[in-house]
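Q: Supplied in structure tokens, the structure appears directly below.
The values are calculated or read from the model by the stated rules, or taken from the named source; none is laboratory data. Keep in mind the model is a prediction, meaning the values are calculated, not measured. Because the Cβ atoms are built from the backbone with ideal geometry, glycine has one as well, and the counts that use them run over all protein chains shown. What goes into the accessible areas is simple: the full protein's heavy atoms, side chains included, and nothing from ligands, DNA or RNA. Shrake-Rupley method; radii C 1.70, N 1.55, O 1.52, S 1.80 Å.
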Amino acid sequence: MKSHTVHHTFETRARREFVRITPDVQEAVDESGVQEGMVLVSAMHITAGVWVNDDEPGILEDALEWLDKLAPPSWRRPETEVARELLPDGGDYRHHRGGEDNGDAHFKNLLVHHQVVLPITAGRLDLGPWQQVFYAEFDGGRPKRLVIKVIGA
């Protein structure tokens, strides 16, 4: 059994963005020499996540809109009355009492999850025809870290 770990650091440009990391994950698999196994991909930040989905702008925009409905950002003015009503009592998150403004990002992490496990078959990520791996950033604009751990034979 082999194992190989890569810590990947990159800069997010925006507060919220989806970064396609499929090539980075495949590169780690290639470096490992693993032909059959699994790869764990994990965000090392509690305001980000890792997910697998279609690399299609509409899906990504819809996902962020859906996440905003479940965990509204209070760092910007709510766009509708419904959005205002969804905010916690007092119009803000308790987390912000310590000076932060990213309470929504913590809840988006809970919804998206901070890691995924993917199969490796014949030395390749075994993804569906449209699937891509994304780093889902909800409080960015600064350096971010990701750990990729490949395990197998």
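Q: Looking at region 68-83, which of the residues that are among the aliphatic types (A, V, I, L, M) and free of Cβ contacts under 8 Å to residues at least 40 places away in the same chain is farthest from A105 (Cα to Cα)?
A: Looking at the filtered set, the residue picked out is V82.
Q: Starting from residues that are of a type in the set (D, E, K, R) and closer than 16 Å to E17 by Cβ, keep the ones in region 54-79 and report whichever is most open to solvent (accessible area, probe 1.4 Å).
A: Checking each candidate, the answer is E61.
Q: Now for a separate question. Looking at (1) among the charged types (D, E, K, R); (2) modelled with pLDDT of 90 or more; (3) within 18 Å of H8 (Cβ to Cβ), which is the only condition D126 fails?
A: It is condition (3) that D126 fails.
Q: Right, next: What number of residues within region 97-116 are farther than 10 Å from A48 by Cα and surrounded by 17 or more Cβ atoms within 10 Å (Cβ to Cβ)?
A: Residues in region 97-116 being farther than 10 Å from A48 by Cα and surrounded by 17 or more Cβ atoms within 10 Å (Cβ to Cβ): 4 in total.
Q: Looking at region 1-18 only, could you name the residues that are part of a strand (DSSP E or B), within 13 Å of R142 (Cβ to Cβ) and of a type outside the set (S, T, Y)?
A: F10, E11, E17, listed by residue number.
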